[in-house]
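Have a look at the structure below, then the notes.
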Amino acid sequence: MPKHIMHLPEAMDKLPEAEKVLVVLSGGLDSGILTMLLNKKYGSENVVALSYNYGQKQNVELEKARALCKELKIAHTVLDLNILGDIAKPISTNIRGSDVQMPTIKDVLGDPQPPTYVPFRNLILLSLTMAQAEASRASIVFTGLQVHDEYGYWDTTQKFVDSVNAIAEQNRTHKVKIMAPFSHLSKYEELLLCKEMDHTDLLINTLTCYDPNVKGESCGKCPSCAERIQNFAKAGLKDPIPYSVEIPWDDLLDV
C-alpha cells in the first residue's frame, strides 16, 4: 500500500489554534520549513523564532535563520549558549575547534550515537524555549525534530517530545506544550509541503551542513549534506544553496 503523503491543507489543519507560538529555529531545513508553515497558519505577527549559538561548527546557520525570519517578517532572537559547546567539544564533531573527525553518511549508518551528536542539546534548547514561552505567556513551542534521518538521534523522537511534555505538565501555573509536526515526516515530505506553499525560493535561507567552509558553502559530503541532496533530488528540486564541491544535479534530476 502506498504511503500516505501529507499535503498542505492537512498539515495546516493539524496545527492547533493559538494566539502566539514560539519555534526553535536552527537555520536548518526541518525548522526552516516548519517556520514557513507556522507563518502561513498563524501570521508573522504571532510567531516568534528562537535560535541558539552553542558553539556549533556550522554557525553560519544562524545567519540563515536571521535571513529567513527577515523574509517572513517574523520576530527572531539568537541566545548565547556557548557553555554547551564547551561541554560537548571533547566528544562532538559538531563543535568549533573539536578534534573529533567528521564522518560521512556511510560511517554513521546504524550508529546509535554518531559523533555529530551534542549531548542533551535538544532537551536544553527546548527547556530554554519553554521558559521563554512561559515568560511571554505563550502556550505552544514548536520544534522541527524528525526521526527519519538515516543517522538517528535519541532526542529527535516523538517519544522524547512526549517525555519532555510530561515534565512540563507538572507546571502549576502555566502550561506549555511542545509540538513536533514533522516528527514522522521525511525531508522529502517536508520539501513537498514547501513546494505547495510556493516557498522553495526561501530554501536558500537554510543550511544543513555540519562542516561548511569559511565562505559558508556546504561541504556536500557530511551525513546531513548527503541526505539533503538525496531528498532534494527525490522531490525534483535543485538545491539553491552553494556547495564547495560540484553536485551533478542534471544527473540526479535526470533532466
Response to the item:
Of the residues in the stretch 205-234 that are β-branched (Val, Ile, Thr) and touching a helix residue (DSSP H, G or I) at 6+ places or on another chain (Cβ under 8 Å), the one that is farthest from ILE33 (Cα to Cα) is ILE229
Worksheet item: Any chance the stretch 235-253 includes a residue that's in contact with a helix residue (DSSP H, G or I) (Cβ under 7 Å, 6 or more places away or on another chain), crowded, with 16+ Cβ neighbours inside 10 Å and of a type in the set (Phe, Trp, Tyr)?
Response: no
Fill in: The listed residue being in contact with a Pro (Cβ under 8 Å, 6 or more places away or on another chain) and at pLDDT 95 or above, out of LEU37, LEU84
LEU37
Discussion item. Against the definition (out of contact with any Asp or Glu (no Cβ under 8 Å at 6 or more places or on another chain), in a loop (DSSP other than H, G, I, E, B) and either at pLDDT 90 or above or acidic (Asp, Glu) (or both)), how does ILE124 come out, yes or no?
Written reply: no
Discussion item. For the stretch 36-84, give me each residue that is within 23 Å of ALA18 (Cβ to Cβ), polar (S, T, N, Q) and surrounded by fewer than 20 Cβ atoms within 10 Å (Cβ to Cβ).
Written reply: SER44, ASN46, THR77
Discussion item. Just to be sure before I move on: is LYS106 on the phi < 0 side of the Ramachandran plot, basic (Lys, Arg), at pLDDT below 95 and not in a strand (DSSP E or B) in the structure I sent?
Written reply: yes
Item to complete: Determine if the stretch 173-180 includes at least one residue that is part of a loop (DSSP other than H, G, I, E, B), free of Cβ contacts under 8 Å to residues at least 40 places away in the same chain and of a type in the set (Lys, Arg).
Response: yes
Worksheet, complete the sentence: The one condition LEU62 fails out of (1) under 25 Å from GLN158 (Cβ atoms); (2) out of contact with any Lys or Arg (no Cβ under 7 Å at 6 or more places or on another chain); (3) not in a loop (DSSP other than H, G, I, E, B) is (1)
Worksheet item: Which condition breaks for SER136 when tested against (1) under 20 Å from the mean Cα position of the chain (by Cα); (2) touching a residue at least 40 places away in the same chain (Cβ under 8 Å)?
Response: (1)
Practice prompt. Any chance you could count how many residues in the stretch 206-230 are crowded, with 21+ Cβ neighbours inside 10 Å, in contact (Cβ under 8 Å) with a residue 40 or more places away in the chain and over 13 Å from the mean Cα position of the chain (by Cα)?
Written response: 3
Item to complete: List the number of the failed condition for LEU203; all other conditions in (1) of a type in the set (A, V, I, L, M); (2) crowded, with 18+ Cβ neighbours inside 10 Å; (3) assigned to a loop (DSSP other than H, G, I, E, B) hold.
Response: (3)
Discussion item. Which residue is modelled with the lowest pLDDT, if the candidates are limited to the stretch 209-255 and must be touching a strand residue (DSSP E or B) at 6+ places or on another chain (Cβ under 7 Å) and not in a loop (DSSP other than H, G, I, E, B)?
Written reply: CYS225
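The values are calculated or read from the model by the stated rules, or taken from the named source; none is laboratory data. Given the structure is predicted, the values throughout are model-derived calculations rather than measurements. Cβ: placed from backbone, ideal geometry, glycine included. Neighbour counts: every protein chain shown.
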